[in-house]
Structure formats: structure tokens, C-alpha cells
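A.B. asks: Below is a structure I'd like to ask you about.
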Amino acid sequence: MLTFGGAFSNHIAAIAVAAKNHDLDVVGIIRGEELVDSWRQNPTLLRAYEDGMRFKFVSRETYRKKENLDFLESLHDEFGNFYIVPKGVPILWP
């Protein structure tokens, strides 16, 4: 799975837990490349990491391209096949 969000995003935290609970790999595309060296000081990102999420930090400009086919293809090249979990989608549990 792959999803997009900001450094304090509840969506990032929720998707990380959902992926952990279902033993799925998950990558968070995080808005704010300035966080590359300091993300461990962010409680939301630290918890998502502890729940198994990997991160790719991107600039705000790049983040705005999250629906751009060329950008998505570059993510596919980097991470392989993935399912994008869009923000604001309710997750239903059995």
C-alpha cells in the first residue's frame, strides 16, 4: 500500500495501524522534505514507523503532483506495485 499525508496526519497514523493489523507493507509519501533528518522527533511519524510504515519525504511542490502519472510511475519504479489509499476513505473492518 502507499498513501500520502503530512507530518501530523491522522490518516498516516491510521493507515500504518491498518497495514500492521493486516500484515501489509505500507509506504507513506510525506509532505515536507525538511523532515528527512528530524522525523523521529515527530510523534505521529514515529508511531507510524513503529507500526511498520516506510517513508519517502518529498517537497511540497512534488507532493502536489500526487495524481500526476509521471510521478506515480516514478513511485512504481521505486517501490514496485502498490495500491494507493486515498485520504478521506473510510476503512471498514470485518
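A.B. asks: Quote the charge dipole size of the chain about the Cα centre in Debye, to the nearest 20; the model charges only the Cβ of Lys and Arg (+1) and of Asp and Glu (-1).
C.D. replies: 340 debye
A.B. asks: While we're on this one: Per the Debye formula with a single identical scatterer at each Cα and no solvent contribution, what log10 I(q)/I(0) holds for the chain at q = 0.13, 0.14, 0.21, 0.25 Å⁻¹?
C.D. replies: Calculated log10 I(q)/I(0) at the listed q: -0.40, -0.47, -1.07, -1.44.
Throughout, read-outs are computed from the coordinates displayed, never taken from laboratory work. Keep in mind the model is a prediction, meaning the values are calculated, not measured. Cβ atoms come from the backbone with ideal geometry, glycine included; neighbour counts cover every protein chain shown.
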